[in-house]
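Colleague: A single structure is presented below for examination.
The values are calculated or read from the model by the stated rules, or taken from the named source; none is laboratory data. Quantities reported herein were computed from a predicted structural model and do not represent experimental measurements. Cβ sites come from the backbone with ideal geometry, for glycine too, and all protein chains shown count toward neighbours. Note: areas computed on protein heavy atoms with side chains; ligands, DNA, RNA excluded. Shrake-Rupley method; radii C 1.70, N 1.55, O 1.52, S 1.80 Å.
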Amino acid sequence: MEGSIDLGPTPAGLESSAWCRLRADFLGGPNGTDAQQCFEELMKQEAALGTLANHEEVVLWFEFDLFCQLNLIYLLGSFAGKVSPQRS
């Protein structure tokens, strides 16, 4: 498609490390970052997301663009059943 931007693969159903590896392989080259370094950063982010239930409040900020929307969809999917919207 003319004018479209390839944001890379975002498949459902992968274990987080496999998903991060796939994303790192895609993101690593075009951004001038080593794919392994990108993978390690993505895994650090996954580890941080795993601690969200330990916090009283988490604030997320998203723009209206497609990249942010993909991140929002990913996070909502990963939060499903893991994080309660309210604490008792």
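Colleague: For residue 25, tell me the accessible area in Å² from a 1.4 Å probe, rounded to the nearest 10.
Modeller: Rounded to the nearest 10, that gives 90 Å².
Colleague: Another question, if that's okay. Please list 3J(HN,Hα) in residue order for region 65-78, calculated via the Karplus relation 6.51 cos²θ - 1.76 cosθ + 1.60 where θ = phi - 60°; whole Hz, with x for glycine and proline.
Modeller: 6, 4, 4, 5, 5, 4, 5, 4, 4, 4, 5, 4, x, 6
Colleague: I need the peptides 49-61, 68-80, 12-24 ranked by packing, meaning the mean over residues of other C-beta atoms within 10 angstrom, with the highest value on top.
Modeller: 12-24, 68-80, 49-61
Colleague: Rounded to the nearest 0.05, what FRET efficiency do residue 76 and residue 25 have when you use their Cβ-Cβ distance and R0 = 22 Å?
Modeller: 0.35
Colleague: Same structure, new question: So, for region 5-60, what is the accessible surface per residue at a probe of 1.4 Å, expressed in square angstrom?
Modeller: Here the per-residue accessible area is 68 Å².
Colleague: Given R₀ = 30 Å, what would the calculated FRET efficiency be for residue 66 paired with residue 15, taking r from the Cβ atoms and rounding to 0.05?
Modeller: Once the sixth-power term is evaluated, E becomes 0.75.
Colleague: Within region 12-67, what whole-number % of the accessible surface is contributed by carbon and sulfur, with the 1.4 Å probe and all protein chains included in the calculation?
Modeller: 56 percent
Colleague: Right, here's the next one. What list of ³J(HN,Hα) couplings, whole Hz, do you get for region 39-48 from phi and the Karplus terms 6.51, -1.76, 1.60, once you set θ to phi - 60° and write x for glycine and proline?
Modeller: Computed from phi, the couplings for region 39-48 are 4, 4, 5, 5, 5, 4, 5, 4, 4, 5 Hz.
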